[in-house]
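What follows is one structure encoded as structure tokens, with my remarks underneath.
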Amino acid sequence: MRQLRFRDSDGDVRLGELADDEVTAFPKQASDLDSTATFAREDVETLPPCRPSKVVCVGRNYADHAEEMDSDVPDRPLFFLKPPNAVASDGDDLTLPSGKDRLDYEAEIAVVIGAQASDLDESEAMAHVAGFTCMNDISNRDDQRAEQNWIRGKAFDDSAPLGPVLATPDEVPADARLRCRVNGELRQDATREQFIFSIPELLADITRYVTLEPGDVLSTGTPEGVGRLEDGDRVEIELEGVGTLSNTVTIP
Ligand code: MN
């Protein structure tokens, strides 16, 4: 199932199943089955598919990206955080920091947590996953290179667009392709079969230290092909089974 979170014409925030550009909303209350309604996708406002209390990101989880960044392949996962202010939605125009030389896109497969997760074994990790979405880990290289903790470099407003839907794990097989296009030109193309650390390995490691809540996001790193964004660019992150996260960027 592909689940869309959206605002309906009454201004209510709702969840529904997306199929063929039509959204069948879940009832507003479980006791109120009559409130189910169908909307054309174009008639609703798409919202981020979840409301994370934190986005846990993984650095260098593809060997080819580590190489293009002149970095070593890590011997354990590298983690950093993005806070809720970073989250944006499919379709949003993203306003990025001004005065920087390098603001980069990074196409990533994002894992959405479905059940509170603490100190997981690898064998139980996937049972805590609600599904997948797309993330663009937009990165301010100027400040990322200059600071130890990547607040300016990674945690700025609009640096974590997510969406368009939450797809359940059955919709996104291991060979589902992750692609990035800028102004229609293909820049990145990979699958999670190329990960250095698997999703269970990542979840087992991070939950030794950090409890993940339902709706939290683990963004699993970017493959080779990262590059610069310019004012007015249109950037699309596509994951087979999820769809396409599309944003324009404004760099004041
Ligand atoms: Mn990244």
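The values are calculated or read from the model by the stated rules, or taken from the named source; none is laboratory data. Every value quoted in this text rests on a predicted model; they were computed, and no experiment measured them. Here Cβ is always computed from backbone atoms with ideal geometry, including for glycine, and neighbour counts include all displayed protein chains. When the accessible area is computed, the model is the full protein with side chains, heavy atoms only, and any ligands, DNA or RNA have been set aside. Shrake-Rupley method; radii C 1.70, N 1.55, O 1.52, S 1.80 Å.
Label-point separation (nm) for R228 and T248, each offset 7 Å from Cα along Cα-to-Cβ?
2.2 nm
Rounding to the nearest 20 debye, state how big the charge dipole of region 2-46 is about its Cα centre with +1 on each Lys and Arg Cβ and -1 on each Asp and Glu Cβ.
Dipole of region 2-46, to the nearest 20 debye: 240 debye.
Only loop residues by DSSP count here, and only those with at most 10 other Cβ atoms within 10 Å; note down the chymotrypsin sites (Phe, Trp or Tyr not before Pro) in region 141-244 that meet that.
Y209
What are the radius of gyration and Dmax of region 2-46, computed over its Cα atoms and given in Å?
For region 2-46, the Cα radius of gyration and maximum Cα-Cα distance read 9.6, 28 Å.
In sequence order, what are the phi-derived ³J(HN,Hα) couplings for region 79-94 according to the Karplus relation 6.51 cos²θ - 1.76 cosθ + 1.60 with θ = phi - 60°, rounded to whole Hz, with x for glycine and proline?
Calculated HN-Hα couplings, in order: 10, 8, 10, 10, x, x, 4, 7, 6, 9, 10, 3, x, 5, 8, 9 Hz.
Which translational diffusion coefficient, to the nearest whole µm²/s, is obtained for region 55-250 from the Stokes-Einstein equation, given a Kirkwood hydrodynamic radius over C-alpha pairs, 25 °C and 0.890 mPa s?
Roughly 149 µm²/s, to the nearest whole number.
Considering only DSSP beta bridges whose two residues both sit in the chain, what percent are antiparallel, to the nearest 5?
The antiparallel fraction comes to roughly 85 percent.
Can you show me the helix-derived [θ] at 222 nm for the chain, built from DSSP H runs with n ≥ 4 at -39,500 (n - 2.57) apiece and divided by the number of residues, rounded to the nearest 500.
-2500 deg cm²/dmol
Rounded to the nearest 20 Debye, what is the dipole magnitude of the chain about its Cα centre when Lys and Arg each give +1 and Asp and Glu each give -1 at the C-beta?
I would put it at about 580 debye.
What number results when the radius of gyration of region 157-252, computed over Cα atoms, is divided by 2.2 N^0.38 Å?
1.18
Could you tell me which residue out of A117, S198, P48 lies farthest along the dipole of the chain toward its positive end? Charges go on the beta carbon: Lys and Arg +1, Asp and Glu -1, centred on the Cα centre.
The Cα lying farthest towards the positive end belongs to A117.
State, as an integer percentage, the relative contact order of the chain based on alpha-carbon contacts under 8 Å between residues 6 or more apart.
Relative contact order for the chain comes out at 27 percent.
Tell me which trypsin sites (Lys or Arg not before Pro) from region 114-206 have a DSSP coil assignment and no more than 14 other beta carbons within 10 Å of their own.
Filter output for region 114-206: R177.
Heavy atoms only, probe 1.4 Å: what % of the accessible area of region 2-46 goes to carbon and sulfur, would you let me know?
40 percent
Dipole of region 79-151, Cα-centred, from +1 at each Lys and Arg C-beta and -1 at each Asp and Glu C-beta, to the nearest 20 debye?
It works out to roughly 240 debye.
Hey, what did region 20-130 get for relative contact order, percent, Cα under 8 Å, at least 6 apart?
Relative CO of region 20-130 lands at 18 percent.
Take the solvent-accessible surface of the protein heavy atoms, probe 1.4 Å, and return the percent of it on region 55-250 that carbon and sulfur atoms account for.
On region 55-250, the fraction of accessible area on carbon and sulfur atoms equals 41 percent.
Place a point 7 Å from the Cα of D93 along the Cα-to-Cβ direction; which residues of region 138-161 have their backbone N under 16 Å from it?
Correct set: 158.
For a quick protection proxy, order the peptides 214-221, 92-99 by their average other-Cβ count within 10 Å, most packed first.
With the highest mean Cβ count within 10 Å placed first, the list reads 214-221, 92-99.
At a Förster radius of 41 Å, what calculated FRET efficiency corresponds to the Cβ-Cβ distance of D170 and R145, to the nearest 0.05?
0.50
When only DSSP loop residues count, what GluC sites (Glu not before Pro) in region 214-250 have their Cβ near at most 16 other Cβ atoms within 10 Å?
Taking region 214-250 and a limit of 16 other Cβ atoms within 10 Å, the loop GluC sites (Glu not before Pro) found are E230, E240.
What distance in nm separates the two pseudo spin-label positions at T24 and S53, each 7 Å out from Cα along the beta-carbon direction?
A separation of 3.3 nm, rounded to one decimal place.
Give the lysines reachable from K82 as a straight Cα distance under 18 Å; neighbours fewer than 8 places away on the same chain don't count.
K54, K154
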